[in-house]
Amino acid sequence: MKILISNDDGYLSPGIAALARVAAEFGEVVVVAPDRDRSGASNSLTLDRPLTVRTAPGGFRYVNGTPTDCVHLAITGLLGFRPDLVLSGINDGANMGDDTIYSGTVAAAMEGYQLGVPAIAFSLARRGFEQLELAAGVARRVVQAFVAQPFPEPVLLNVNIPGRPAAEGPVLQLTRLGKRHFAEPIIRATNPRDEPIWWIGPAGAAKDAGPGTDFHAVDTGHVSITPLNIDLTGYRQMDRVGAWLAQA
Ligand code: MN
C-alpha cells in the first residue's frame, strides 16, 4: 500500500513525524507537507506563483504552499503514482464542528478525497503534543481498521483524539459535526508606526455539543470519527428556495 501524508502545521511538526512512523507499519510512505505552519489555510490553492518542492534530510518533501497545494501536487504528477490512502496530521489542536471549514488538516485529506483517494484527517484535541503517543496509537488503530476492511468507495474521515482519554481507554465513536458559537471578536492592536493591526479572534465555544457530536465524544474522553462530504448543496433548503423562486 502507498500512503501519502501531509498536514497543515508544516513538515517539521512532531505530529507529522509520528503519523509517518505509524503509516510506515502499513506500507510505503511519502510525505509532502507545507514548509511552515499553514493552519487555517482551508482548501486554498496557490495560483499566483509557482511552487517549489524541496527534500529534507529525513526524506520529507516540503512545499512553499498550502496543505491543499501539497496533496494536489503529489497526486496530480509529482509522485508519478497514485497513493492508496491519504493521511493528514496529526494536527496540534482539535478540528471539530465549524473548525472543519477553516482547517488545513481537514483540507489536505479533503484534497485526496476530491481526487478520488480515501483520506483520513487526524487531530489531537489538546494542543502541545503531550499526548502524541496516545494519538499515534489511535492513528494506528484507525489505519489498521482501514487496511483490514477497506471501504468499497473512497471515504473522507475526520478523526479527533481526546487530550484526556477515558479511564477505560478511548473508544472509537461514530459522530456528526457539532457547531460552535460565533467566533470571538477580532483583536485590535497598534504597530510601531501607530497604524491599527488586527488579529483574527479565537473560535467560539462549542454550542451544539450533545451526544452524537464530535465535541461530545472528545469531551468524554473518546475518539470522534466523522465521515465528511464535499457536496455543499443545502438540501434542507431546496423546498423553501424552490417555493421562493416560484414567487419570484
Ligand atoms: Mn494546524
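The values are calculated or read from the model by the stated rules, or taken from the named source; none is laboratory data. Note that the coordinates shown come from a computational prediction; the quantities given were computed from them, not determined experimentally. Reconstructed Cβ throughout: ideal geometry from the backbone, glycine too, with neighbour counts over all protein chains shown. We work out accessible area using only protein heavy atoms, side chains counted, and drop any ligands, DNA or RNA first. Shrake-Rupley method; radii C 1.70, N 1.55, O 1.52, S 1.80 Å.
Take ARG127, project a point 7 Å from its Cα along the Cβ direction, then tell me which residues of segment 10-54 have their backbone nitrogen under 18 Å from it.
In segment 10-54, the label zone of ARG127 (backbone N under 18 Å from the point 7 Å along Cα→Cβ) covers 10-16, 36-42.
Could you grab the relative contact order for the chain? Cα pairs under 8 Å, six or more apart, rounded to a whole percent.
17 percent
Taking each pair of distinct Cα atoms in segment 1-159 once, what is the resulting Kirkwood hydrodynamic radius in Å?
Roughly 15.0 Å, rounded to one decimal.
Probe of 1.4 angstrom, ligands and nucleic acids ignored: what's the accessible area per residue over the chain, in square angstrom?
Using a 1.4 Å probe on heavy atoms only, each residue of the chain averages 53 Å².
Leaving ligands and nucleic acids out of the surface, order LYS207, LYS179 by accessible area at 1.4 Å, largest first.
So the residues, ranked largest to smallest area, are LYS207, LYS179.
Explain nothing, just the number: dipole magnitude of the chain about its Cα centre with +1 on each Lys and Arg Cβ and -1 on each Asp and Glu Cβ, in debye rounded to the nearest 20.
I would put it at about 40 debye.
Separation between the ILE186 and ASP208 pseudo-spin-labels, each 7 Å from Cα along Cα→Cβ, expressed in nm?
That separation, rounded to one decimal, is 2.8 nm.
Per q in 0.20, 0.24 Å⁻¹, report the Debye log10 I(q)/I(0) for segment 64-127, using one uniform scatterer on each alpha carbon and no solvent.
Log10 I(q)/I(0), no solvent term: -0.73, -0.97.
Choose one answer from PRO196, PRO165, PRO57: the residue with the largest mean-square fluctuation in a GNM of the chain with alpha-carbon springs under 10 Å.
Among PRO196, PRO165, PRO57, the largest mean-square fluctuation in the Gaussian network model of the chain belongs to PRO196.
log10 I(q)/I(0), Debye, Cα-only segment 1-57, no solvent, q = 0.14, 0.23, 0.29, 0.30 Å⁻¹?
-0.43, -1.00, -1.25, -1.28
For a label point 7 angstrom out from the Cα of GLU28 toward its Cβ, which stretches of segment 75-105 have the backbone nitrogen within less than 11 Å?
Output list for this probe position: 80-84.
At a 1.4 Å probe, what is the % contribution of carbon and sulfur to the accessible area of segment 1-58?
50 percent
Which of ALA136, ALA17, ALA203 moves most in a GNM of the chain, Cα contacts under 10 Å?
Sorting by GNM fluctuation, first place goes to ALA203.
Based on the alpha carbons, how large is the Rg to Rh ratio for segment 72-219 when Rh follows Kirkwood?
Over the Cα atoms of segment 72-219, Rg/Rh equals 1.04.
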